[in-house]
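Notes follow the structure.
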Amino acid sequence: MSLPTPPAEVVWANLRADDRAWLLTLASRAGVGGVALVGGAVRDALLGETPLDLDVVIPAADVEALAAGTGLPFVFHPAFGNATVTLPDGRAVDLVRARRESYPVPGGNPVPLPGTLADDLWRRDFALNALALHLSPTGARTLLDEVGGLDDLHARVLRPLHAASFHEDASRLVRGARLAARLNLSAHPELLAQVPDALRMAGRTPRLWAELRLLLHEPRPGHAAGVLRDWGAGALLPATAVLDALDARRDAGADVPFTAYAAALLHAAPDPDDLAARLSLGDRPAALLERALSDTHFPEGTPERELRALLRPDAYPPLTGRDVLALGVPPGRGVGEALAHLAALRRAGQVRSPDAERAALKAFLATKDPHPRP
């Protein structure tokens, strides 16, 4: 019977070949501390996926000098001592100086302090995100699990690393819901115990709104919002039943963009303008919502039609200018008058189908003088 593959080799095998080569070169230049691939890339590789987003912790080397030595474009961030390197294929890789963090003001930005690789793993949000693949300068590979993340990953459990994790940063709650929905994870009791604290701190944590915006970019945003509801944090969002319906449409193959999910959320919000500002949604979702709620014709399969079917289930395709011409209205001002008349009847609820519009238009035309005076 063959022995199971060591976790470090599972991670290594699931990385892209060009990423493996780049990491080996980076480790050889980093000196005695080597480098460590950390976080989501290690987690996803252990789950059999090929990660594309790479985060690399540098335990000992000068991060700026190491980034410059790659010969690739990079941006250095002196406040945290980190660098963002752009790979030849356009992906961005963060080179992070190993550090500790403290939160002088809960909900605010953390204050970084120099630390070890172990410190860097302990500062993270969830145990299964605190795994690392360490590469020595010679390329030797070791999986580091300081916090029991490997067991959590096998059990598909999401567990915060600290008792005050959500108090320090309430956005971790939303990030956890996104992750749980995407990877089918269950909440550890410690996570559920911290939900009330996260809700108390939500208004003091600007990053939480950025995470809620990212939730709308998930493969199934309605499912992620449902995880928040199940965890007792549904108050962070307006009613999300339409998000669930959009998930079903996307599952069925419909093209449902981010803007459609954002528009649906605005429709459910007591104060859409305030929510749009908090989530930094821009103008496009509100404009899409306005079009979806209008009587303007849009082809099947468009986001406008998808939203209209959910938000106005009694809506029907109104008569168009072509339909009006077919009923005998001559081209010119009469077409606009006829369409305006029908729009007024729709707003008043006096017509509820194309047939009713045709009958109303015929009655309207019968009142017009067929021989108007010049």
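The values are calculated or read from the model by the stated rules, or taken from the named source; none is laboratory data. Quick caveat, the model's predicted, so the values are computed rather than measured. All Cβ positions, glycine included, derive from the backbone under ideal geometry; neighbour counts span all protein chains shown.
For residue 287, are the conditions met, namely being loosely packed, with under 13 Cβ neighbours inside 10 Å and aliphatic (A, V, I, L, M)?
yes
Condition check ((1) modelled with pLDDT under 95; (2) of a type in the set (A, V, I, L, M); (3) within 19 Å of residue 352 (Cα to Cα)) across all residues:
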site: 258; (1), (2), (3): no, no, no
site: 262; (1), (2), (3): no, yes, no
site: 271; (1), (2), (3): no, no, no
site: 285; (1), (2), (3): no, no, no
site: 295; (1), (2), (3): yes, no, yes
site: 301; (1), (2), (3): yes, no, no
site: 320; (1), (2), (3): yes, no, yes
site: 325; (1), (2), (3): yes, yes, no
site: 329; (1), (2), (3): yes, yes, no
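Out of 187, 241, report the one residue that is modelled with pLDDT under 95 and among the aliphatic types (A, V, I, L, M).
Unique residue meeting the criteria: 241.
Looking at (1) assigned to a helix (DSSP H, G or I); (2) in contact with a helix residue (DSSP H, G or I) (Cβ under 6 Å, 6 or more places away or on another chain), find the lone condition where residue 44 falls short.
Only one criterion is unmet by residue 44, namely (2).
Could you go through region 63-75 and let me know if any residue there is part of a helix (DSSP H, G or I), crowded, with 17+ Cβ neighbours inside 10 Å and charged (D, E, K, R).
Yes; the residues of region 63-75 include at least one that is part of a helix (DSSP H, G or I), crowded, with 17+ Cβ neighbours inside 10 Å and charged (D, E, K, R).
Could you tell me whether residue 204 is within 14 Å of residue 236 (Cβ to Cβ), charged (D, E, K, R) and out of contact with any strand residue (DSSP E or B) (no Cβ under 8 Å at 6 or more places or on another chain)?
Yes: the conditions hold for residue 204.
For region 265-345, please list each of the helices (runs of 4 or more DSSP H) lying entirely inside it that holds at least 1 residues being within 24 Å of residue 240 (Cβ to Cβ).
Of the helices (runs of 4 or more DSSP H) lying wholly inside region 265-345, those with at least 1 residues that are within 24 Å of residue 240 (Cβ to Cβ) span 272-278, 284-293, 303-311.
Taking region 182-208 on its own, how many of its residues are assigned to a helix (DSSP H, G or I), in contact with a Lys or Arg (Cβ under 7 Å, 6 or more places away or on another chain) and crowded, with 18+ Cβ neighbours inside 10 Å?
Selection size over region 182-208: 1.
Hey, could you check region 77-118 for residues that are polar (S, T, N, Q) and modelled with pLDDT of 90 or more and say which is surrounded by the most Cβ atoms within 10 Å (Cβ to Cβ)?
82
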